[in-house]
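For reference, the structure is listed below as structure tokens.
Nothing in this text is a laboratory measurement; each read-out follows from the coordinates by a stated rule. Every value quoted in this text rests on a predicted model; they were computed, and no experiment measured them. FYI the Cβ positions are ideal-geometry reconstructions off the backbone, even for glycines, and counts take in every protein chain you see.
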Amino acid sequence: MALDLDKLTRDLGRESLRHAGIIWENLMRNRLAVLTIAALLPLTGGASLAIAGQASAAPPPPAVTVTGTVDDCEDDSSPEEVSIATSKETKVDDTGVKSSNKYSVKFKNIPKKGRDATATVTCVGGSKYTQEFRVNGAQGTEPVTQKVHLEP
């Protein structure tokens, strides 16, 4: 049996070309997949950032300081503490009330529409009086001050 080198070379060449074609197709398929992923990643990252930006919390409202003067209690005793409560927070001033009959408290959670509040004035000896009013929220981005005179 004689070995036909020409035929063997042709057959091996065809087989090599067929394998090379399969390898080339796989490379092209993989390249297409890589290019597709590379093209889509920035889009999904951008969408994630857009969603994250929308999900972030709104900034807190500006501070509202409620300040004013305090009358004595009905038994003529001097005020020693002012407590102002809203539905979300309570603030107390017991520092300058005794000596000056003035108070000042700062709220940090008053929305633009405001909140109802109840002030409780405690006087020397334990007598008290309350006064209801509305704490108005800041309409812009700057803190505001509201004056309220407290009396029995």
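Cross-link reach is defined here as a Cα-Cα straight distance under 21 Å, omitting same-chain residues fewer than 8 places apart; for LYS102 the lysines meeting it are LYS91, LYS128, LYS147. Could you list the GluC sites (Glu not before Pro) in the stretch 53-147 that lie in coil according to DSSP, counting only those with at most 13 other Cβ atoms within 10 Å of their Cβ? Filter output for the stretch 53-147: GLU74. Computed over neighbours whose Cβ is under 14 Å from that of VAL105, the net charge equals +3, Lys and Arg +1, Asp and Glu -1. Label-to-label distance for LYS128 and THR145 is 2.9 nm, based on points extended 7 Å past Cα in the beta-carbon direction.
Any idea what the relative contact order of the stretch 64-147 is, in percent, if you count C-alpha pairs under 8 Å spaced at least 6 apart? Display every interim value, and only then the final one.
Details: 188 pairs, mean separation 30.5, N = 84.
Relative contact order comes out at 36 percent.
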